[in-house]
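The values are calculated or read from the model by the stated rules, or taken from the named source; none is laboratory data. Predicted, not measured: the structure shown is a model, and the values here were computed from it. Counting neighbours? That spans all protein chains shown, and the Cβs are built from the backbone with ideal geometry, glycine included. Note: areas computed on protein heavy atoms with side chains; ligands, DNA, RNA excluded. Shrake-Rupley method; radii C 1.70, N 1.55, O 1.52, S 1.80 Å.
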Amino acid sequence: MRILVTGAAGFIGAHVARKFLERGDEVIGIDNLSEYYDPELKRARLARLEGKDSFTFAKLDVADRDGIAALFREWKAERVVHLAAQAGVRYSIVNPYIYADSNLSGFLNILEGCRHNQVAHLVYASSSSVYGANEKLPFSESDPVDHPVSLYAATKKANELMAHCYAHLYRLPVTGLRFFTVYGPWGRPDMAPFLFTRKILAGEPIDVFNNGNHMRDFTYIDDIAEGVVRTLDHIATPSGAWDPLLPDPAISSAPYRLYNIGNNKPVQLLDFIAAIEEAVGRKAIMNMQPMQKGDVEATYANIDALSAATGFRPDTPIETGIAAFVSWYRGYYRV
């Protein structure tokens, strides 16, 4: 099968592309190699893919309308995994316009490419951030998500609405995945596991927001990659359970689905830090901080729907995943 993976040099994208290649698929990967964080890390991820005959890479920004249209025409991908986006809750407060370019215009370009080139299934990245001010736990796809607390979350909610529109108007099968705090080897430098590990190893204090009272549904990257592959194989179809008088946001009369993809086992932030301390062999110096603007106190994924549809069931304990991350970090950065 010929699969287009956008954001192929990204953390999740590189792992997903590798999994498709290992099972024998042909992968076309694109990425703009932005400088939001170290492009050398992105190139290193790509280097693990580029030695394979069935992988082709193109440096391309999803916001490039003409470039994306030409890519779809040339490569004729059968299915698409769209993971390219401007990430980061806090950065969306600092630089909002880049989120409109990448997450809104870029996603529209992907939808148009799929629409005009008979793509059989589009799977795209949403985010647990869409739950915003919701406090009912665990988060369910059937809950309303109309109160985002960051622009990043708002763009991801917009993606879900745009995807439904294309599923309804053009019968394009689309599935959105709401990712919950992904971590593991080759992770993003702007996320807590990376920041905490670097500073603890260096003997520097770490900022612990909300005085450590956060809970996060930390999900190991190998589990996430397996879930994405399973989801792409499970093409969205109209739901017989759809009721227009009692509309469920997760299903539709169109070929449209929304799923949470998380660990279903939230961890207290202080316990997460303790796992890093154990793997590193050094205690953290904690600088307790108040809640940050745009942040939420807890995330917790109900994954029953994805498990029922695809058999997805994450099985990596936090201690195992953190040990693997720290081992990779020490090897990659030689510390």
Inset, instruction - Pick out, from segment 178-291, the helices (runs of 4 or more DSSP H) lying fully within it that include 2 or more residues that are modelled with pLDDT under 95. - result: 192-202, 269-280
Legend entry - Residue, farthest from TYR333 (Cα to Cα), within segment 189-215, restricted to residues that are open to solvent by 30 Å² or more (accessible area, probe 1.4 Å) and hydrophobic (A, V, I, L, M, F, W, C): MET215
Inset, instruction - Please state which of the following conditions SER129 fails to meet, knowing it meets all the rest: (1) in a helix (DSSP H, G or I); (2) open to solvent by 10 Å² or more (accessible area, probe 1.4 Å); (3) over 21 Å from HIS234 (Cβ atoms); (4) modelled with pLDDT of 95 or more. - result: (4)
Legend entry - Output for segment 1-46, where each listed residue is over 24 Å from ILE261 (Cα atoms), open to solvent by less than 60 Å² (accessible area, probe 1.4 Å) and part of a helix (DSSP H, G or I): PRO39, LEU41, ALA44, LEU46
Inset, instruction - Take ALA279 and decide whether it is out of contact with any Lys or Arg (no Cβ under 8 Å at 6 or more places or on another chain) and surrounded by 14 or more Cβ atoms within 10 Å (Cβ to Cβ). - result: yes
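Return the only residue of ALA301, ALA308 being small (Gly, Ala, Ser) and in contact with an Asp or Glu (Cβ under 6 Å, 6 or more places away or on another chain).
ALA301
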Inset, instruction - Provide a single number: the residues in segment 292-308 that are open to solvent by 30 Å² or more (accessible area, probe 1.4 Å), touching a Leu at 6+ places or on another chain (Cβ under 9 Å) and part of a helix (DSSP H, G or I). - result: 1
Legend entry - Candidate set from segment 309-327 (those that are open to solvent by 30 Å² or more (accessible area, probe 1.4 Å) and in a loop (DSSP other than H, G, I, E, B)); member that is farthest from ARG198 (Cα to Cα): GLY311
Inset, instruction - Determine the pairs where a residue that is within 24 Å of PRO314 (Cβ to Cβ), located within segment 162-190, has a partner that is among the acidic types (Asp, Glu) and open to solvent by 30 Å² or more (accessible area, probe 1.4 Å) with Cβ atoms under 8 Å apart, the partner being 6 or more residues away or on another chain. - result: GLY184/ASP222; PRO189/ASP38
Inset, instruction - Please identify the pairs in which a residue from segment 19-47 that is touching a residue at least 60 places away in the same chain (Cβ under 8 Å) has its Cβ atom under 7 Å from the Cβ atom of a residue that is open to solvent by less than 20 Å² (accessible area, probe 1.4 Å) and in a helix (DSSP H, G or I), counting only partners at least 6 apart or on another chain. - result: LYS19/ALA225; LYS19/VAL229; PHE20/VAL229; ARG45/ALA14
